[in-house]
Amino acid sequence: MNTPRSLHTLLAAAAALLVCGCDVNPVTGSSELSFVSEQDEIRIGQAQYGPSQQSQGGVLTLYPELNAYVSRVGMSLARVSERPELPYEFVILDNSVPNAWALPGGKIAVNRGLLYELEDEAQLAAVLGHEIVHAAARHGAKQQEKGTLLNIGLAVIGVATAGTGMQDLAMQGAQLGGALVQTRYGRDAELESDRYGMQYMARAGYDLQGAVALQQRFVQLSGSQQPAGYGALFASHPPSQERVDANLRTAAKLGTTGRDGRAEFQRAMAALKRDRPAYAAHAKGMTAMSQNRYAEALKYSREAIRLQDREAQFHELAGAAQLRLDQPAEAIKSLNRAVALNQSYYRPYLTRGMLHLKRGNLDVAKQDLSVANRLLPTADATFGLGEIAQREGDVETALRYYDPVARSQSPLAPEARNRIARLNPGSGYQRQ
Ligand SMILES: [Zn+2]
């Protein structure tokens, strides 16, 4: 009973590896080995949902009614799945890359960029039904059992039990989220997800043509002239004529008499569609930013803000560009606005915290970087917190922050090792 929780969990996971759990797949009914219990599936999904959302742009907060709509459509499908009792959740992420993903335990996300590609509710149901199967049929959990994601599974436990202090593995939050989100399930799992997803669609009363049309659109897009950003979607869900044909067969078998929900979908999407030019300007600004064309990035951010001034990411882009253009006072103003509009996304806090640190405002910097780290632990914020502690003369705290950075893959790792070597010559790190 006195065993630390994380150690206890690790022991349980290790024990599970030694015992073969023979089980029936809850969706397909075929028998399979299972090492990850339902409780673990749910815990992994719950622990990774937040960091995965954060590392993929955060929740789209500007259209609460659209979020509720997507959630309603998702729940109507989850309810008729083989595992209606899983703690399903559906969110829209503020990300222009057309993508969707599912974590074990029913934690599902669809990007703003994918919604723009859909035409009716049946197509949305096809996306969500497909992702529900990935979760319900334990495709992600099975990857873990195969060993490909085993380390991640164990590391997730480290993240889940972090909370109190600086756990070594917490640093990898972003990478873990990314790895789970970009999982490739393979051809069989994709076909399985299409097939059972269409069954959920039929049970929920949707026109199965939606699944056929969606897959046809993807095949079209994955051709020679695929728009930038489609890589992520097609890497995790490779489209193919084989999948189109399989969907046609499934539709013929199950019938296509359901509703397409075009009017409902168009109504729910109206506000987001109206803002599409603003997001397009923002996307151009992000590209300019990544190519170090800061004045141009600022110009695009202003255009986006002129079209829609309540989107936090537009103000964040303005702030980041102003920072690079050496306009710190304007940058702080823009970042303040970004944070005021959306308190649930780590990045504006991180950028503002680093700026305050640079200007020597240690107290506000500490506050911002702590909030950023609570939302998504990053090497940058952690290193910054170490620097603040060091400047305040608190060597012990500084070392506690530098330590996980020193052992991470971050570009800051060598400098963190350097500082540890200087502050604590007995640490084993060599000064460079
Ligand atoms: Zn898939």
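Brief remarks follow.
- The relative contact order of segment 278-351 comes to 26 percent, based on Cα pairs under 8 Å that sit 6 or more residues apart.
- Relative contact order (%) - segment 273-427, alpha-carbon pairs under 8 angstrom, separation at least six: 12 percent
- For segment 246-252, 3J(HN,Hα) per residue [Karplus equation, 6.51 cos²θ - 1.76 cosθ + 1.60, θ = phi - 60°, Hz, x = Gly/Pro]: 4, 5, 4, 5, 4, 5, 5
- Under a 5 Å amide H cut-off, with hydrogens placed 1.01 Å from N, Tyr206 pairs with Arg259 among residues at least 5 apart or on other chains.
- As a length-normalised measure over Cα pairs under 8 Å and 6 or more apart, the relative contact order of segment 89-145 settles at 34 percent.
- Label zone at Arg72 (point 7 Å along Cα-to-Cβ), backbone N below 14 Å, segment 98-122: 121-122
- Scalar couplings 3J(HN,Hα) for segment 375-392, obtained by applying the Karplus form with A = 6.51, B = -1.76, C = 1.60 to θ = phi - 60°, are 6, 7, x, 10, 5, 4, 5, 5, 4, x, 5, x, 4, 4, 4, 4, 5, 7 Hz; x denotes Gly and Pro.
- Computed over segment 279-423, the ratio Rg/Rh where both radii use C-alpha atoms and Rh is Kirkwood: 1.03
- For segment 420-427, 3J(HN,Hα) per residue [Karplus equation, 6.51 cos²θ - 1.76 cosθ + 1.60, θ = phi - 60°, Hz, x = Gly/Pro]: 5, 4, 6, 6, 9, x, x, 6
- Leu221, Leu298, Leu103 arranged by Cβ crowding within 10 Å, fewest neighbours leading: Leu221, Leu298, Leu103
- Each Lys and Arg contributes +1 and each Asp and Glu -1, all at the Cβ; summed about the Cα centre of segment 307-363, the dipole is approximately 100 debye.
- Debye intensity ratio in log₁₀ form over the Cα atoms of segment 205-351, taken at each q of 0.17 Å⁻¹: -0.98
- Amide H contacts under 5 Å for Val91, placed H, 5+ residues apart: Ile108, Ala109, Val110
- In plain terms, the residue of Thr257, Thr397 with the fewest other Cβ atoms within 10 Å comes first and the most crowded comes last, giving Thr257, Thr397.
- Arg203, Arg243, Arg79 arranged by Cβ crowding within 10 Å, fewest neighbours leading: Arg79, Arg203, Arg243
- The order of the peptides 69-75, 88-94 by mean Cβ neighbours within 10 Å, most packed first, is 88-94, 69-75.
- Cut-off under 5 Å, modelled amide H: who pairs with Asn25 long-range: Ser30, Ser31, Glu32
- Only one residue of Asn418, Asn292, Ala340 has its Cα farthest out toward the positive end of the dipole of segment 273-427, where Lys and Arg carry +1 and Asp and Glu -1 on Cβ, and that residue is Asn292.
Read-outs throughout are calculated quantities, based only on the coordinates presented, and are distinct from any laboratory measurement. Note that this is a predicted model, so its numbers are computed, not measured. Neighbour counts are summed over all protein chains in view; Cβ atoms, including those assigned to glycine, are modelled from backbone coordinates with ideal geometry.
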